[in-house]
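J.: Pasting a structure here, questions to come.
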Amino acid sequence: MVDRLANSEANTRRINIVENCFGAAGQPLTIPGRVLIGEGVLTKLCRKKPKARQFFLFNDILVYGNIVIQKKKYNKQHIIPLENVTIDSIKDEGDLRNGWLIKTPTKSFAVYAATATEKSEWMNHINKCVTDLLSKSGKTPSNEHAAVWVPDSEATVCMRCQKAKFTPVNRRHHCRKCGFVVCGPCSEKRFLLPSQSSKPVRICDFCYDLLSAGDMATCQPTRSDSYSQSLKSTLNDVSDDDDDDDSSD
């Protein structure tokens, strides 16, 4: 079915509409063989609080952005190659329901659908697209993924030293290797993680010691399914916006 839609006028028209919704700041999305599979609003768990984002699933990429005007205008376009994606279901608990993790070598995050049916459909379609891509390319699934960041609201004290309390002065930071919320003194070092950045990035002392010793296997994200606490609000002045890899998230 995807092959049949690839060169259809209806598919081209739908992709053009998506391009226009992102405006001049968005990247072109129309290429030969690309098909728009589906779209919808998902709640993305960002570092401060959950936020609604518009997602578009194509047969080779996943695109999402901020909603400016529903169905008309989006900004801050993100494009994720599906070949690098793996997904894992998240158990329902409290107000966080119908969720799953989208994991890639450069960035990983949790999203939530409005219903269990929507979740099932999204996950089935994503898995199908990834499987088809890997089958055609002969590549193997990615076994490396960036840590899923622990939301600010889940940590009132540093998750490493367990002593430093977060205040407007003592701000939160995130280790790029394990995703933990840590204080400044526990994350003063930087390390080159090529899959995430061309420059050394902030990591906690624990991960730095392991990485420096070459113990890459031990220093793996340990909270990939940690997002099961109830939704909470977080004071903006307690977060470190300058330390976020995406100021909107």
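J.: Quick one: which residue in Ile37, Ile69 is in the same structural domain as Arg97 (by the TED database), surrounded by 16 or more Cβ atoms within 10 Å (Cβ to Cβ) and of a type in the set (Val, Ile, Thr)?
T.: On the way: Ile69 fails: surrounded by 16 or more Cβ atoms within 10 Å (Cβ to Cβ).
Of Ile37, Ile69, the one residue that is in the same structural domain as Arg97 (by the TED database), surrounded by 16 or more Cβ atoms within 10 Å (Cβ to Cβ) and of a type in the set (Val, Ile, Thr) is Ile37.
J.: Under the condition of being under 20 Å from Cys175 (Cα atoms) and hydroxyl-bearing (Ser, Thr, Tyr), which residue from region 92-121 is most open to solvent (accessible area, probe 1.4 Å)? Outline the logic, then answer.
T.: Just the residues of region 92-121 that are under 20 Å from Cys175 (Cα atoms), to begin with: 101-110.
The next check asks that each one be hydroxyl-bearing (Ser, Thr, Tyr); those that pass are 104, 106, 108.
Details: Thr104: 7, Thr106: 82, Ser108: 10 Å².
Among residues in region 92-121 that are under 20 Å from Cys175 (Cα atoms) and hydroxyl-bearing (Ser, Thr, Tyr), the one most open to solvent (accessible area, probe 1.4 Å) is Thr106.
J.: So how many residues does region 146-190 have that are in contact with a Leu (Cβ under 9 Å, 6 or more places away or on another chain) and either β-branched (Val, Ile, Thr) or open to solvent by 20 Å² or more (accessible area, probe 1.4 Å) (or both)?
T.: Result for region 146-190: 6.
J.: Please tell me if Thr43 is in contact with a Pro (Cβ under 6 Å, 6 or more places away or on another chain) and closer than 30 Å to Thr140 by Cα.
T.: Working: in contact with a Pro (Cβ under 6 Å, 6 or more places away or on another chain): yes; closer than 30 Å to Thr140 by Cα: yes.
Answer is yes for this residue.
J.: Can you find a residue in region 18-33 that is touching a residue at least 60 places away in the same chain (Cβ under 8 Å), within 25 Å of the chain's Cα centre (by Cα) and closer than 20 Å to Glu118 by Cβ?
T.: First, pick out the residues of region 18-33 that are touching a residue at least 60 places away in the same chain (Cβ under 8 Å): none.
So far as region 18-33 goes, no, none of its residues is touching a residue at least 60 places away in the same chain (Cβ under 8 Å), within 25 Å of the chain's Cα centre (by Cα) and closer than 20 Å to Glu118 by Cβ.
J.: Checking the structure you have, find out if any residue of region 29-52 is farther than 16 Å from Tyr74 by Cα, of a type in the set (Asp, Glu) and out of contact with any Cys (no Cβ under 8 Å at 6 or more places or on another chain).
T.: No, that holds for no residue.
J.: Being closer than 21 Å to Val111 by Cα, of a type in the set (A, V, I, L, M) and modelled with pLDDT of 95 or more: is that true of Val181 here?
T.: Numbers: closer than 21 Å to Val111 by Cα: yes; of a type in the set (A, V, I, L, M): yes; modelled with pLDDT of 95 or more: yes.
The answer is yes for Val181.
J.: Out of (1) open to solvent by 30 Å² or more (accessible area, probe 1.4 Å); (2) assigned to a helix (DSSP H, G or I), what's the single condition that is false for Thr140?
T.: Of the numbered conditions (1) open to solvent by 30 Å² or more (accessible area, probe 1.4 Å); (2) assigned to a helix (DSSP H, G or I), the odd one out for Thr140 is (2).
J.: Within region 146-199, track down each residue that is farther than 29 Å from Trp100 by Cα, free of Cβ contacts under 8 Å to residues at least 24 places away in the same chain and not acidic (Asp, Glu).
T.: Start the filter on region 146-199 by keeping residues that are farther than 29 Å from Trp100 by Cα, which leaves 161, 163-165, 167-170, 184-186, 188-190, 199.
Next, from what is left, pick out any that are free of Cβ contacts under 8 Å to residues at least 24 places away in the same chain: 163-165, 169-170, 184, 188-190, 199.
The answer is Lys163, Ala164, Lys165, Val169, Asn170, Gly184, Lys189, Arg190, Lys199.
J.: Is it fair to say Gly38 is closer than 18 Å to Lys107 by Cβ, modelled with pLDDT of 95 or more and not in a loop (DSSP other than H, G, I, E, B)?
T.: Values: closer than 18 Å to Lys107 by Cβ: no; modelled with pLDDT of 95 or more: yes; not in a loop (DSSP other than H, G, I, E, B): yes.
When the stated conditions are applied, Gly38 does not pass them.
This table checks each residue for (1) within 24 Å of Ser153 (Cβ to Cβ); (2) assigned by the TED database to the domain that holds Thr117; (3) crowded, with 18+ Cβ neighbours inside 10 Å.
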position	(1), (2), (3)
Val18	no, yes, yes
Pro32	no, yes, no
Lys48	yes, yes, yes
Phe58	no, yes, yes
Leu62	no, yes, yes
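J.: Among (1) surrounded by fewer than 17 Cβ atoms within 10 Å (Cβ to Cβ); (2) of a type in the set (A, V, I, L, M, F, W, C); (3) in contact with a Leu (Cβ under 6 Å, 6 or more places away or on another chain), where does Val130 come up short?
T.: (1)
The values are calculated or read from the model by the stated rules, or taken from the named source; none is laboratory data. What you see is a predicted model, and the numbers here were worked out from it, not measured in a lab. Glycine gets a Cβ as well: all are built from the backbone with ideal geometry, and neighbour counts include every protein chain shown. For accessibility, only protein heavy atoms count, side chains too; no ligands or nucleic acids. Shrake-Rupley method; radii C 1.70, N 1.55, O 1.52, S 1.80 Å.
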